[in-house]
Amino acid sequence: MAKLVYSAITSLDGYVADEDGNFDWAEPDEEVHTFVNDLERPVGTYLYGRRMYEVMVYWETAHVAGEPPFVQDFAEIWQAADKIVYSKTLEAVSSARTRIERDFDPEGVRQMKAAAQRDISVGGPDLASQAIEAGLVDEYHLFVTPIVVGGGKQSLPDRVRVKLELLDEHRFGNGVVHLHYRTRT
């Protein structure tokens, strides 16, 4: 059975984007990006909301030939995975191996987890909130960035309680801390 994994780069005060929607402060350096690549390598399917898909689809056509190896590696990892975009408004996708689902169906995701050979990643705080509320997320990878942004788009939902077990932590040279948790039952 595959795991459903939620990964997010977040500010110290728990936001993935500030009040203006900016997340340039979260751009990973080479050390963090290489670490993220290794976490993403086992993922066979990405679940995205429309906004997260619109950010990530860049990797479908990014010209990475002259970019550092860690950037090229991520593009290859992303392109090799299947993608499901949950959106009521998106008319068409612009990446291979991608389909649109109009509604997030927790039972459908449970069945997908049971049948999948590789892990599944849920991307974006809105869709992740639905998966967390439905009790579907098995692991969390939070990359805490040394910045306080004071408000914006939260990385985790309000009014949801989930018991977690810390599996690992890693400190990076740029001050980012990776926290890896598993859901406790």
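The values are calculated or read from the model by the stated rules, or taken from the named source; none is laboratory data. These figures come from a predicted structure and were not determined experimentally. Here the Cβ is made from the backbone with ideal geometry for all residues, glycine too, and neighbour counts use every protein chain on show. The accessibility values were calculated without ligands, DNA or RNA, using every heavy atom of the protein model including side chains. Shrake-Rupley method; radii C 1.70, N 1.55, O 1.52, S 1.80 Å.
Quick look at the numbers
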read-out	value
Estimated dipole of the chain in Debye, rounded to 20 [Cβ of Lys and Arg +1, of Asp and Glu -1, Cα centre]	820
Structure-derived semi-axes √(5λ) of the Cα gyration tensor in Å: which label, when the choices are [x] 26, 19, 13; [y] 22, 21, 17; [z] 31, 22, 13	[y]
Other-chain or far-sequence residues with amide H under 5 Å of Thr10's (modelled H)	Phe143, Val144, Thr145
The stretch 126-185: C-alpha gyration tensor shape, a/c 1.5 cut-off, then a/b vs b/c	oblate
Average accessible surface area per residue within the stretch 1-150, 1.4 Å rolling probe, Å²	50
Spin-label pair Arg99/Leu12, simplified geometry with 7 Å Cα→Cβ offset, distance in nm	4.5
Partner lysines for Lys88 [C-alpha distance under 22 Å; skip if fewer than 8 residues away on the same chain]	Lys153
Reach of Lys113 by Cα under 18 Å, taken over aspartates and glutamates that are not fewer than 8 positions away in the same chain	Glu40, Asp82, Glu101, Asp103, Asp105, Glu133, Asp138, Glu139
The chain: relative contact order in percent, alpha carbon pairs under 8 Å with at least 6 residues between	36
FRET efficiency, 1/(1 + (r/R0)^6) with R0 41 Å, evaluated for Asp158 and Ala65 via beta carbons	0.40
Inter-label distance, nm, simple model (7 Å from Cα along the C-beta direction), Ala115/Glu76	3.0
Carbon plus sulfur fraction of accessible area for the chain, probe 1.4 Å, in percent	49
Stokes-Einstein D in µm²/s, Kirkwood radius over Cα pairs - the stretch 4-106 at 4 °C with 1.567 mPa s viscosity	87
Computed helical MRE - 222 nm, the chain, DSSP H runs ≥ 4 contributing -39500 (n - 2.57), nearest 500	-8000 deg cm²/dmol
Net length gained if the chain between Leu166 and Asn22 were fully extended (0.36 nm per residue, minus Cα distance)	48.9 nm
Relative contact order computed over the stretch 1-103 (Cα-Cα under 8 Å; 6+ residues apart), in percent	23
